[in-house]
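Report on the structure given below.
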Amino acid sequence: MNAQDYAEVRMHLSKCWHETYAHLLQPSDFARFLAPLNDPGLGLITIDCLALVALDTTGNRVVGTAFAAERHGVGYIWGVYVATDKKRCGVGRTLINEVSARLSWANELSVTVLKGSSGADAFFRAQGVVAVRDCDYELVPGKTEEATVFVRDRFSSQLKMH
C-alpha cells in the first residue's frame, strides 16, 4: 500500500465495514467506528503493520485489503476485506497467502472474527485456521461483540497451508 492508495482504501473499507458491521451498531456508534478512516494513516491502522491492497484487473479499483503485523512470533491479521462483487473469486485467499508469506518468520497466524460477521467464520476456516477461544471484542468504547479467535500454526501437520 502506498500514499496514493489511501483515498481508495478509505472508500473500500467504509463500504466493506458498512456491509459487515452496520447491523451491529447504532448509527452514532457506527459513525465513531468509521471516524479513524478520516485520519492520516487510516487512524493508525497502517502504522507499523503490513498493509496490502488488491486492485481489479484494470488497476483502477481497490477490491481487497489486508492488514497484519507480527508481534513476538505471532502474525496478527487485523482485517481482510473484499468487495462484495469479488467475494468467492480468490481475492481473500490471495491476501491471506501474501500475509503468510510476508510474515514467514511468525510461528502462527491469529485472527479475531466477530460472530456477527456474515461469512467470515467460514472464510477463515477454509484458510486452515482453527478456533481456539471465544472472547468479547470492543468495536467502539462501550460496545462489545462476541468473537472467536482463530489460529493457524505453521508447524501443525493437521492444519492446511495454501
Exercise for the section: At 7 Å along the Cα-to-beta-carbon direction for both N60 and L24, put a label point, then send me their distance in nm to one decimal. Expected result: 3.4
Problem - Cα-based reach from K15 at 19 Å (exclusive), listing aspartates and glutamates while leaving out same-chain residues under 8 positions away - result: D5, D29, D39, D56, D85
Problem - Whichever aspartates and glutamates have a C-alpha closer than 18 Å to that of K115, once near sequence neighbours (fewer than 8 apart) are set aside - result: E19, D134, D136, E138, E145, E146
Fill in the blank from the handout: note: the chain, Cα-Cα separations exceeding 30 Å make up a percent value of 11
Handout entry: Per residue, in Å², the accessible surface of the chain once ligands and nucleic acids are set aside, probe 1.4 Å
Key = 56
Exercise for the section: Note the full-extension length gain between W78 and Y137 as 0.36 nm times their separation in residues minus their Cα-Cα distance, in nm to one decimal. Expected result: 20.0 nm
Problem - Within a Gaussian network of the chain (alpha carbon springs, distance under 10 Å), most fluctuating of A101, A131, A54 - result: A101
Handout entry: Listed peptides 109-120, 56-67 by packing density, highest first (mean Cβ within 10 Å)
Key = 109-120, 56-67
Completion exercise
Simple SL model, points at 7 angstrom along Cα→Cβ for E145 and V130; separation in nm is 2.7
Completion exercise
Share of accessible surface on carbon and sulfur in the chain, whole %, 1.4 Å probe and ligands ignored, is 51
Practice task
Label the stretch 46-121 by shape, choosing from rounded, prolate and oblate, from the square roots a ≥ b ≥ c of the eigenvalues of the Cα gyration tensor; if a/c is under 1.5 it is rounded, and otherwise prolate applies when a/b is larger than b/c, oblate when it is not.
Solution key: oblate
Practice task
Assuming 1.002 mPa s and 20 °C, estimate D for the stretch 74-161 with Stokes-Einstein, Rh taken as the Kirkwood radius over Cα pairs, in µm²/s.
Solution key: 157
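The values are calculated or read from the model by the stated rules, or taken from the named source; none is laboratory data. All figures in this text were calculated on a predicted structure; none of them were measured in a lab. Neighbour counts are summed over all protein chains in view; Cβ atoms, including those assigned to glycine, are modelled from backbone coordinates with ideal geometry. Side chains included, ligands, DNA and RNA excluded: accessible areas come from the protein's heavy atoms. Shrake-Rupley method; radii C 1.70, N 1.55, O 1.52, S 1.80 Å.
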